[in-house]
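K.L.:
Before we start, here is the structure in question, set down as structure tokens.
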Amino acid sequence: MNDKRLAKARRRLLDEIQAEARDTETWTGRGAFSDPVMAALDRVPREAFVRDNDVVSAYVNRPQSIGFGQTISQPFMVALMTELLDLGRADRVLEIGTGSGYQTAVLAEVAGRVFSVETVADLASAASRRFRDLGYDTVEVLNRDGFAGWSEKAPFDAIMVTAAPERIPQTLVDQLKPGGRMVIPIGRVHEVQFLYLGAKDSDGRFAAHKTLPVAFVPMVGKERNE
Ligand code: SAH
């Protein structure tokens, strides 16, 4: 695809994302996504994160297979989850489920540092390579079961989980700073999942509420009760 067609495909995708933001406002409370989030989606080369660098399908507003039974999230969902965290340049973010690394790169465009945990070793190393090649030097990747979070780097201003556990893991809540926010899909396998938005108040009390119905791969691993 030549540069002009690529730019057009990208522009169309951004327009679709804003249209979907309007359509889902009753669920999410966000009828329009902010300029920094949209600029991040405009900047990250999605074709570098999909299989075979398939440029034609990279800019379709759909999730896609990345192998290992996993998927790169739908661009709208990446935008929404990033938006809901209200990130700033000084924020330290924990992401669980690196996958292709696309969401991680979008986070890196709007936050300070991003710490991303992936349980599939091959995906973690492929994503690390992409970050190095693309110059995302504020990102660190760890191959580990994300139910443990990343205690060595905690606490975090924001936590994003991109695989669905059955309930919000307490370990992750513990790694969130007072005033911090968390976005996480919750649901049992084969049942409807909902995206939850949570926040910890200045006294350390955590509360989360449902936003819209979603479909993520399950978070596999072992929940810890520490
Ligand atoms: N955000 C990624 C896609 C996520 S798919 C992207 O846009 O490409 C969900 C990812 O979560 C998969 O890569 C899966 O291997 C990973 N995952 C599932 N359970 C996990 C766990 N317990 N800890 C860390 N990663 C996990």
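K.L.:
Answer yes or no: is there a residue in the range 49-61 that is surrounded by fewer than 24 Cβ atoms within 10 Å (Cβ to Cβ), in contact (Cβ under 8 Å) with a residue 12 or more places away in the chain, within 9 Å of the ligand (Cβ to nearest atom) and under 21 Å from PRO213 (Cβ atoms).
P.N.:
No: zero hits.
K.L.:
Further question on the same structure: Taking the condition of being more than 9 Å from the ligand (Cβ to nearest atom) and either in contact (Cβ under 8 Å) with a residue 40 or more places away in the chain or small (Gly, Ala, Ser) (or both), how many residues in the range 106-118 meet it?
P.N.:
In the first step, residues of the range 106-118 are kept if they are more than 9 Å from the ligand (Cβ to nearest atom); the result is 107-115.
Pick out the ones that are also either in contact (Cβ under 8 Å) with a residue 40 or more places away in the chain or small (Gly, Ala, Ser) (or both) and you get 107-112, 115.
So the count comes out to 7.
K.L.:
Turning to a different aspect of this structure: Name the strands (runs of 3 or more DSSP E) wholly inside the range 112-214 in which the number of residues that are of a type in the set (Asp, Glu) and open to solvent by less than 60 Å² (accessible area, probe 1.4 Å) is 3 or more. Give the derivation first.
P.N.:
On the way: elements: 113-118, 139-143, 156-161, 176-186, 193-200, 206-214.
Answer list for the range 112-214: none.
K.L.:
How do the pairs read when you match residues in the range 203-216 that are touching a residue at least 12 places away in the same chain (Cβ under 8 Å) and farther than 12 Å from THR28 by Cα with residues anywhere that are surrounded by 17 or more Cβ atoms within 10 Å (Cβ to Cβ) and among the hydroxyl-bearing types (Ser, Thr, Tyr), using Cβ under 7 Å and keeping only pairs 6 or more apart or on different chains?
P.N.:
Matching pairs, first to second residue: ALA208/TYR196; PHE216/THR162.
K.L.:
Out of everything in the range 184-226 that is within 12 Å of the ligand (Cβ to nearest atom) and charged (D, E, K, R), what residue ends up being farthest from ARG62 (Cα to Cα)?
P.N.:
So the residue we want is ARG224.
K.L.:
Related question: Among the residues that make up the range 90-105, is at least one of them buried (at least 19 other Cβ atoms within 10 Å of the Cβ), over 19 Å from VAL37 (Cα atoms) and aliphatic (A, V, I, L, M)?
P.N.:
Yes, the conditions are met somewhere in the range 90-105.
K.L.:
Here is a list: PHE33, PHE76. Which entry is away from the ligand (no atom under 13 Å from the Cβ) and at pLDDT 95 or above? I'd like the intermediate steps shown before the answer.
P.N.:
Numbers: PHE76 fails: away from the ligand (no atom under 13 Å from the Cβ).
After applying the criteria, what remains is PHE33.
The values are calculated or read from the model by the stated rules, or taken from the named source; none is laboratory data. For clarity, every value in this text was computed on a predicted model and none was experimentally measured. Neighbour counts are summed over all protein chains in view; Cβ atoms, including those assigned to glycine, are modelled from backbone coordinates with ideal geometry. Heads up: the accessible areas ignore ligands, DNA and RNA and are worked out on the full protein's heavy atoms, side chains in. Shrake-Rupley method; radii C 1.70, N 1.55, O 1.52, S 1.80 Å.
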